1. What residues have an amide H closer than 5 Å to that of Ala293, excluding those fewer than 5 places away on the same chain, when H is modeled at 1.01 Å from N in the peptide plane?
2. For the chain, what's the relative contact order in percent, using C-alpha pairs closer than 8 Å and at least 6 residues apart?
3. Given H placed on each backbone N at 1.01 Å, which residues far from Ile217 in sequence or on other chains put an amide H within less than 5 Å of it?
4. Looking only at Ile217, Ile48, Ile400, which one moves most when the chain is put into a Gaussian network model with springs between Cα atoms under 10 Å?
5. What translational diffusion coefficient, in µm²/s and rounded to a whole number, does the Stokes-Einstein relation yield for region 260-419 at 37 °C and a viscosity of 0.692 mPa s, taking the hydrodynamic radius as the Kirkwood radius over Cα pairs?
6. 222 nm [θ] for the chain, helices only, -39500 (n - 2.57) per DSSP H run of 4+, per residue, to 500?
7. What FRET efficiency comes out for Leu99 versus Ser233 if R0 is 60 angstrom and r is the Cβ-Cβ distance? Round to the nearest 0.05.
8. In debye, nearest 20, what is the charge dipole magnitude of region 14-79 about its Cα centre with +1 on Lys and Arg Cβ and -1 on Asp and Glu Cβ, if you could check?
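Quick note: the coordinates plus some simple rules give every number you see, no bench work behind them. What you see is a predicted model; the values in this text were computed from it and never measured. Every residue, glycine as well, gets a Cβ built from its backbone with ideal geometry; the counts of neighbours run over all protein chains shown.
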Amino acid sequence: MGTSALRMNEQIIMNHKNANWLEVGLDHIWLPYTQMRTAPAPVAVRRIDGATITLADGRQLTDGVASWWTAIHGYNPPALRDALSAQMHQLPHIMLGGLAHEQAYRLASRLAGLMPGQLGRSFFTESGSVAVEVAMKIAIQYWRNLDGRRRTKFVAFHGGYHGDTFHTMSVCDPEEGMHILFADALASQYIMPLPDTAERQAALARLLAEKDDIAAILIEPRIQGAGGMRMHSPAVLQCLRRLADTHDTLLIFDEIFTGFGRTGKMFAAETADIVPDIMVLGKALTGGLTPLAVTIVTDKVYAPFDAPEGEKALMHGPTFTGHALACAVAMAALDLFERENRLAQVRHVEAQMQTQLRPLAGHDKVADIRILGAVAAVEAMVDFDIEAARAWFIDQGVFIRPLGRVIYLTPAYTISDAELAQLTAAIAAFIMLL
Ligand SMILES: *Cc1c(COP(=O)(O)O)cnc(C)c1O
């Protein structure tokens, strides 16, 4: 390294102490899904409480997104903060290889009690994408352990999103998903239309009857989130359960978005009264405080792994599996569900969004309105400048981030009537401008 390079590094080392951390850091940070050159700089945040984001310049925004749908109890809730802090003092984390800590074991037991059906065995990871990868790995190995069958492919659906890692990209919507650039590097899967008509159900049934390499069907039940808050009926899920049973394949629910009350029930599976073979949870599991995700399987799926042969073990082990801080927060978040009737709050949020957003259905610039649980999507008929829209919402004192033509709300379940009214009014005002 030449001396000028060394000098430059010294400059960078000094820079991280600069008071203007945002401007300096923008030269070094790489942001998600962002063209760094053209995207407007993000707004600096000083603190977060409930449904309020306080910006560095003192302005306050009412939040309609809950940080990628995670902060369902509101921001910085004292109960979660206290649980994190208590755990931090005693045992921040210790690896699960050869050692055990209370929080991961208690959380696994508690999730087993909470899940529908016989979903009783939990594998912890630190991101949703990895938890979906683990589900796919389990499905492939399930057939191999069972009787040596080689089934390595998945059925997934148009409009779906399951993560950004390589195998999860292969099950996202191939065109509208965000990974088209990688198409030739991805495993090929069977990506089908959702079976929401008799014709599509028949097509899916034919595929399942013809192919003998399908390890599992994978779906985001009831709401495809990142794909634009698209909703489908419980009948679609009941059809998938039936087809999976008839054609002897597994059914995986990716409830990373829908889990923990978002659709009005604790899990979207319950709205269709069916149980998947594998369930994936993440996002709201810790109320957005710490990363944590989990892949949970039924006794049936676990059985072929529970064998004397070492090679039948699940060969997966993230460094931070079962992170103690995250598990402690998840336990406290589940306490909040017991203490504060979150599901009633979701119904209340849903009713208010129906009252305040449904009337927009008559507007000629509105293509569709979809509301389920604490999710509302207003789909515009026309394209608009998404960055300008995001900035406009901030000027109105709200944080709302449209996805394409879809303006959506996924607020904290604890949001007040007045705060939610501010969000719905901002959406109505935006529609009038189109
Ligand atoms: C967010 C999300 C993922 C990916 O989770 P990460 O924690 O971002 O890796 C996967 N599936 C669904 C349905 C999601 O909403």
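1. It is Thr125, Glu126, Ser127, by chain and number.
2. 21 percent
3. Those qualifying (amide H under 5 Å, at least 5 residues apart or on another chain) are Val155, Leu250, Leu251, Ile252.
4. Ile48
5. Answer, rounded: 174 µm²/s.
6. Here the helix-only value at 222 nm equals -11500 deg cm²/dmol.
7. Computed FRET efficiency for Leu99 and Ser233: 0.85.
8. 60 debye
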